[in-house]
Structures are given as C-alpha cells and as structure tokens.
Amino acid sequence: MDRSGGQSEDPFAGEVRGELSPRAARALWWGSAGLVLSVLGTSVIVAGTEHGRRLPMAVALVLAQVCALRWQPRAPVAVLAVNAVTGLAVWALLPAVTLTGALLAAQVSLCMLSATRPRRVSVWALAAMCLPAPLAFGRGGGAGLMVYLLAVVLAWTVGQWRRAQRERIRAELRRAVVEERARIAREVHDVVAHTLSVMVIQAGAADDVFTEQPEQARQSLRAIETGARSALGELRLLLRAFRPDAEHDGTGEQREPVPSLARLDELADSVRATGMTVHVQCEGATDGLPAAVDLAAYRIVQEAFTNTLRHAAGADEVSVRVTAEGECVEVTVVDNGRAPQGSSAAAGAGRGLVGMNERARLVGGSLRAGPLPGGGFEVAARLPVEGAL
C-alpha cells in the first residue's frame, strides 16, 4: 500500500487512467513553465538584444506558451498546436534562437500527449512535429537537423515510457482486485455454507417438536428466518465479488476459519509480538453483525496492521478503534510512523489500499486513508450494517 497518497473509491481512478490530481497538475505546470522560462526565455532575451523591436513580441509569445502549458493535462492536442505555432513565430522573429529551443514547449506538450493519449494520436503528433525539420536543416545544416529530430523523438519516447509504466500499474491493480474478489468469494462461500447448515438443523428440530413444543418450534423458525436473511446478504456479496473476470481457484487448499472482530485481540497479539505497542478499543456490540461486515472490518484492520509494519518508518505504536452503532460500523486504525522518502505506488505498492477499498465497497461502505497533518497514518472505514442484510 502506498502511504504517500490518499484514498479513492475507484482503484483505477486518477493518474492510472491518464488523469492527474490537481496537485500533480500544478507540479507539472510549474516544472514545465520553469524549464521553458529558464531555457527558451534566456535564449530569447540573449538573442533579442540585437533586435530591440522584436524582443517584446518574442517575450509575449514565450509567456503565451507558458500559460498554455497550464492546460496540457486536459487538452494536450490543442496545447501542442498552440505551442508549435507560437514556437515557430518566436523562431521567425529571432532566427538566432535554434528551432529546437524555440519549440521546447511544443516538445513538452508532445511528451504529455504521448503519455496520455492513444498511440495513433501521438504518432500523428510526432509526424507533425517532424514537419519543421527542413527548417532546422536550412538554418543549422545536418547537425541542426539531427539535434531537432533527436529532441522530438526523445520527447515522444519519454511519453511512451510513462504510458507503459501507467499500463503496468493498471494491470497490477486489476490483478490485486481480482485476487481480493476471489478471496472474498471463498470466504463468503464458507460463511453461507455454515449458515445454511445451521438452518437445516433448526428446521429439523422444529419439525420434531412442532406438535409437542410449539414455542420451541417457533424459536427454531425465528432462528431460520434470521439465518436466511444473513445468508441472503452473504449471497449478494458473493455475486458482487465473484465477477466473470475473477480467477477460479482450483488448488483445493484447506482454508482457515473465517475471521471476525471477535478475534481482533488475537490479531493484535500477533502484532505486539513484533515489538509494536497496540491499543484496541471496541465500542458497541460487534457479535451480532452480519458476517460480511464483520469479515470486512477484520480484514481492513489486518491490512492496516500490515501497512504499519511494512511501510511506517519509525512506528512503534498503533491504535485501533471499532465503533458499532445502529446503522454502521466505523473502523479507525492510526499509527505514529511516517511515510518513507521516495515511496511510490509505481514500485508495486498500493495493493493493500486496493484490497481495503474493495472490502469496504462490496458491503456498501467507504474508506479513506492517508497521512495525518501532525504525523502518522490513518485508515478509516465506514461500513453500513443494514445494506449488508
């Protein structure tokens, strides 16, 4: 799980789909603008000293390119066209500026377009960027032509590399979701099988005493009704989790008993054995929860513990709070660690967060996770009880 990021209800949202968060978009703009201003802006000022009348117009065109870069995550094709036209205008005004430098902003836009748009679109953009190559040859000869083509192809290639990286992250997240859904399906199967077995026994007991002890038969029938409602909720969860893209598990491995919040102290003890201080606080009755909600809450706490042990640098204390109210169960896990420098979902992290989100989503709940302002990391889930019945 990536401790440096926040949460998202959709595990494939954001940059994995080619979109950028507002913070990432601002960082991209500042970086691109700084590059264009420092390289192209400096070249324009130096070359414009001998063309006093042309310098203000060239500077205005450079600023227009910088402003256009603000919208490149949303409309990279339009921004590329604007930067290409203004870049050629700068080069026409100040021939002392190389064509490669004048079209620097366009190359940045080409990189962004290559990373976020289909390959056929980026290939057409690459071809369009190669059209001014004869101008580079006419001004700088073979060396100028080679430098320009290398710069354009490099910008396109970097974008393709970034696109391939995003595709790999998307594949890993999809695989994580499939594995988590298959795991949920196996566990729900065990719960439903147990519930139906109890219903069969209760039905047999009710039939045996139906005439002699009608009150006991009624108790058995009420137990059957309760079990049937619970089993119905589990089957709904199973149908949501066991999608056509879920992989079939034919290993035949013996499964452990389905965990629940009743075994939360055992889970905490296993974490304490690593030297971590664990505080567990439970409010409200958790023994009557639907099995799907009970299991989801337990798995979320378990994954949050794993996240603390693996990724919380310097953490030595973690607190768990489970609050069971009338309509929902709230689970909060907070540690006092810090995110390691350089952590990134691109390195294969993020699978734990995907699993927790999937657990919460399948029972109709929500989950948020992220660092706290004063230090530490928090995982908070809200799981409805009524929606799981």
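Within region 266-293, track down each residue that is closer than 24 Å to Glu180 by Cβ, at pLDDT 80 or above and in contact with a strand residue (DSSP E or B) (Cβ under 8 Å, 6 or more places away or on another chain).
Matches in region 266-293: Ala268, Val271, Leu289, Val293.
State which residue is surrounded by the fewest Cβ atoms within 10 Å (Cβ to Cβ) when the search covers only region 32-88 and only residues that are touching a residue at least 24 places away in the same chain (Cβ under 8 Å) and charged (D, E, K, R).
Out of the qualifying residues, it is Glu50.
Please go through region 326-345 and pick out each residue that is exposed (fewer than 15 other Cβ atoms within 10 Å of the Cβ) and at pLDDT below 80. Lay out the reasoning, then the answer.
Going residue by residue through region 326-345, those that are exposed (fewer than 15 other Cβ atoms within 10 Å of the Cβ) are 326-327, 340-342, 344.
Those that are exposed (fewer than 15 other Cβ atoms within 10 Å of the Cβ) and at pLDDT below 80: Gly326, Pro340, Gln341, Gly342, Ser344.
What tally of residues in region 125-172 results from selecting those that are of a type in the set (Ser, Thr, Tyr) and either farther than 14 Å from Leu113 by Cα or surrounded by 16 or more Cβ atoms within 10 Å (Cβ to Cβ) (or both)? Full working, then the answer.
Here is the first cut: in region 125-172, the ones of a type in the set (Ser, Thr, Tyr) are 148, 157.
Then keep just the ones that are either farther than 14 Å from Leu113 by Cα or surrounded by 16 or more Cβ atoms within 10 Å (Cβ to Cβ) (or both); that gives 148.
So the answer is 1.
So if I check each of Thr157, Thr116, which one is among the hydroxyl-bearing types (Ser, Thr, Tyr), within 25 Å of Ala75 (Cα to Cα) and out of contact with any Gly (no Cβ under 9 Å at 6 or more places or on another chain)?
Working: Thr116 fails: out of contact with any Gly (no Cβ under 9 Å at 6 or more places or on another chain).
When all the criteria are applied, what remains is Thr157.
Looking only at residues in region 353-389 that are surrounded by 23 or more Cβ atoms within 10 Å (Cβ to Cβ) and among the small types (Gly, Ala, Ser), which one is modelled with the lowest pLDDT?
Step by step, filter region 353-389, then rank; the result is Ala388.
The values are calculated or read from the model by the stated rules, or taken from the named source; none is laboratory data. Model, not experiment: these values are computed from the prediction. Note that we place each Cβ from the backbone using ideal geometry, even for glycine, and neighbour counts take in every protein chain shown.
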